[in-house]
Amino acid sequence: MTTTAAPVRLTQFAHGGGCACKIPPGELEDMVRGLTGVPSPDLLVGLDDGDDAAAVRVQGDLAVLATADFFTPVVDDAYDWGRIAAANALSDIYAMGGRPVVAVNLLGWPRDVLPAELAAEVLRGGLDVGRLAGCPVAGGHSIDDPEPKYGMAVTGVAHPDRLLRNDAARAGLPISLTKPLGVGVLNNRHKATGEVFAHAVASMAALNDQASRDALAAGIRAATDVTGFGLLGHLFKMARASGVTAVVDAAAVPYLDGARQSLRDGFVPGGSQRNLAWVRPHLDATVGEDELVLLADAQTSGGLLVAGEVPGGTVVGELVPRGESVLVVR
């Protein structure tokens, strides 16, 4: 008689999932405040405004971008987790207006608990997304870790004068979003119930390469990607750095199917609630609490949030001169 082993549910080996396991934004800002490093006239983007990657000018028309991103399992399927984590790490380069040129893997694996074959599937997912992006994945680093973690350190290139950055948003511009929200609550439901949401996986594994190219072609100067701090958290950082107020039209924001039902059923990540608590002192809202929680929902490998209009994006608000609040939701 033969028996078939039950599938391994990777999300059950992690205390959190995806970008929802980030250190809360307020705690993180306190932690790194004052850590400015070695001053350099060639450092174009550093720690100051919470941009997605560092940028250093290496010659007149060339800047090198550097970023790293990794997290615990966001889905149970090892290959899909690898794809999502890779797309998420590459997104930091796209969010800066860059092109990724090389990536290396970052892997933590409980080798006495989970089989090596599963780790190979995670790495295969990352490799396939790197191939899709035209970005070589050249080795990396691994450790024996009680909790599985995976991501990438990515190096990219960009023109120094065409960077997309947090501090370049200007009043009078629309705010566009290039992927729907809702993966936070759907992933939380997946972790709790095992339900699989293929459309959420497809959204998270999709690259932001075309949105980045479209933003550059449109002459856009300010963008970020929507990840663990939610739309409200990342928009707050951009508006604060740029000295403007962001006005969000809540009814215009797109959501993945099932997101609102998952919220009603109580599948809200703790990270989403912490995001809302962080921005609340700077927020003027006339919508209900459920709407605010969704707008603050901790995303994994979300879309680009752009100060301007891009093909395929949804206009979700506008930037206006700085008022009493940094964020306004209507």
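Any read-out appearing in this document is the output of simple, stated calculations on the displayed coordinates, not a laboratory observation. The model shown is predicted, which means the values in this text are computed figures rather than measured ones. Cβ coordinates were reconstructed from backbone atoms using ideal geometry, including for glycine residues, and neighbour counts include every protein chain displayed.
Tabulated results
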quantity	calculated
Set of segment 165-180 residues, backbone N closer than 18 Å to the point 7 Å along the Cα-Cβ line of A252	169-180
For segment 10-161, alpha-carbon Rg relative to the globular expectation (2.2 N^0.38 Å, N residues)	1.10
Computed [θ] at 222 nm, helices only, for the chain once each DSSP H run of length n ≥ 4 contributes -39500 (n - 2.57)	-10000 deg cm²/dmol
Residue-by-residue Karplus 3J(HN,Hα) for segment 230-244, coefficients 6.51, -1.76, 1.60, Hz, glycine and proline x	x, 4, 5, x, 6, 5, 4, 4, 5, 5, 4, 5, 8, x, 10
R280 versus D30: modelled label distance in nm, points set 7 Å from Cα along the beta carbon direction	1.6 nm
Antiparallel bridge percentage (DSSP; both residues within the chain; nearest 5)	75 percent
Length released on extending from L62 to D112, taking residue separation times 0.36 nm less the Cα-Cα span	13.5 nm
Estimated inter-spin distance, R260 and R170, nm [label 7 Å along Cα→Cβ]	3.7 nm
Cα-Cα separations in segment 164-329 greater than 26 Å, expressed as whole percent	22 percent
Long-range lysine pairs (8 or more apart or interchain), the chain, Cα under 18 Å	4
Principal axis dimensions, largest first and in whole angstrom, of the chain by Cα	72, 50, 38
Candidates D257, D69, D112, ranked by Gaussian network fluctuation over the chain, Cα under 10 Å, top entry	D112
